[in-house]
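The values are calculated or read from the model by the stated rules, or taken from the named source; none is laboratory data. A quick note: this is a predicted structure, and the numbers were derived from the prediction, not measured. Cβ: placed from backbone, ideal geometry, glycine included. Neighbour counts: every protein chain shown. Surface areas here come from the heavy atoms of the whole protein model, side chains and all, with no ligands, DNA or RNA. Shrake-Rupley method; radii C 1.70, N 1.55, O 1.52, S 1.80 Å.
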Amino acid sequence: MPVLGARILDWFGFGPRDHAAHGHGHHDHVSGSHSHGVIDATIATTDRGIWAIKWSFVILAITAAMQMVVVALSGSVALLADTVHNIGDATTAIPLWIAFLLARRKPSPTFTYGLGRVEDLAGIIIVAIILFSAIVAGYQAIDRLINPRVVTHLGWLAAAGIVGFLGNEAVAVFRIRVGREINSAALIADGYHARTDGLTSLAVVLGAFGVWLGFALADPIVGLLITLAIFGIVWQSARSVLTRMLDGIDPDVIGDIHHAAAHVPAARIVEAKARWIGHRLHADIAIAVEESLPVCEAKTIIAALEHQLFEHMPALAAANIRLANAVADHRHGHPHGEHDSH
């Protein structure tokens, strides 16, 4: 039961996030610092995101087209609204697509870290779209409770609702998995957005079944319940995206830094910071070593620590490691940098 409960929570977006952001195994590196091939690893990662967005858009477009055929045959206004909603949701691929394309641009004198943060902005836009969808769904449900409407062509309506659910759920699973794979909070949020669309389509099916049983208010009641679920996903997605924008990270990331440092006994971490820039992780670390060590040996320790960091943290793009004055750190509780290494 606990496992089933965890899976249900994860399906709704309340489970573990950013699974690829940390780990203690040895993985294929995706950081630009350790990739020396023809294609820069960051571009390869964003290409993966663009690939996911393209196919998601295709799936949603096919789903909406099939629903439009049923709308033409059945004349269902409710299904028409759901179809228009799905078409609008497919357009959420546009801000993500633009964000991933901009993230491929090289750093400039103005944007020295590149434009990875554009992904966070795209995530905010997507969260706003999810919130708008929740408000519209709630309004329509309340309106139908106050002003009941006759629902016709129940068979076609149910079939189209199932198609809408399956199409959106396929897109949701696709986007969430790829988003976690490349550590993109925006793509994950858009995946949960697609899931809300599937729930909305499924509500059409449940409402049609309730009407078929003779309960005319089944459709608006189910709509209200789905609206509550959508607001829950809005909260989850907004928290994830806003945490990234405010340089928040999972505490396990700092744990991974210390774990990597444990493999270099001569290095003692005095301070460790990390933040996401798009779907790439940047770390700023201060270490204390024996003051009597020659500079060449200190550089060897820094290089060893850098190697361990990239070994244990596949999402790490850059590590700024500096030597801290051990005496000053003991007295004042913070490091005073003497040397830097990237």
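Give the residue that is surrounded by the most Cβ atoms within 10 Å (Cβ to Cβ), with candidates limited to residues of the range 212-236 that are small (Gly, Ala, Ser) and under 22 Å from the mean Cα position of the chain (by Cα).
229
Within the range 106-128, being β-branched (Val, Ile, Thr) and surrounded by 21 or more Cβ atoms within 10 Å (Cβ to Cβ) holds for 118, 126, 127. Residues in the range 107-152 that are in contact with a Gly (Cβ under 7 Å, 6 or more places away or on another chain) and under 29 Å from residue 280 (Cα atoms): 107, 116, 117, 119. On the basis of being buried (at least 20 other Cβ atoms within 10 Å of the Cβ), touching a residue at least 60 places away in the same chain (Cβ under 8 Å) and part of a helix (DSSP H, G or I), does residue 141 make the cut? Spelling it out, residue 141 is indeed buried (at least 20 other Cβ atoms within 10 Å of the Cβ), touching a residue at least 60 places away in the same chain (Cβ under 8 Å) and part of a helix (DSSP H, G or I). In this structure, does residue 311 turn out to be part of a helix (DSSP H, G or I) and either among the charged types (D, E, K, R) or within 23 Å of residue 185 (Cα to Cα) (or both)? Judged against the criteria, residue 311 is a match. Taken together, the residues in the range 246-294 that are touching a strand residue (DSSP E or B) at 6+ places or on another chain (Cβ under 8 Å), free of Cβ contacts under 8 Å to residues at least 24 places away in the same chain and among the hydrophobic types (A, V, I, L, M, F, W, C) amount to 3.
Of everything in the range 144-167 that is part of a loop (DSSP other than H, G, I, E, B) and among the hydrophobic types (A, V, I, L, M, F, W, C), the residue that is most open to solvent (accessible area, probe 1.4 Å) is 150.
Would it be correct to say that residue 189 is over 19 Å from residue 67 (Cβ atoms) and open to solvent by less than 30 Å² (accessible area, probe 1.4 Å)?
Considered against the rule, which asks whether it is over 19 Å from residue 67 (Cβ atoms) and open to solvent by less than 30 Å² (accessible area, probe 1.4 Å), residue 189 comes out as yes.
For the range 127-144, a tally of residues being farther than 17 Å from residue 230 by Cα and at pLDDT 80 or above returns 1.
Please specify each residue of the range 169-201 satisfying the condition of being of a type in the set (Val, Ile, Thr), under 26 Å from residue 158 (Cα atoms) and touching a residue at least 24 places away in the same chain (Cβ under 8 Å). Passing the criteria: 171, 196, 200. Quick check: is even one residue across the range 251-263 within 14 Å of the chain's Cα centre (by Cα) and surrounded by 17 or more Cβ atoms within 10 Å (Cβ to Cβ)? Within the range 251-263, not a single residue is within 14 Å of the chain's Cα centre (by Cα) and surrounded by 17 or more Cβ atoms within 10 Å (Cβ to Cβ). A single member of 185, 189, 194 is modelled with pLDDT under 85, closer than 15 Å to residue 93 by Cα and in contact with a strand residue (DSSP E or B) (Cβ under 8 Å, 6 or more places away or on another chain), and it is 185. Only residues that are more than 16 Å from residue 320 (Cα to Cα) and of a type outside the set (Gly, Ala, Ser) were counted across the range 264-288, and they come to 3.
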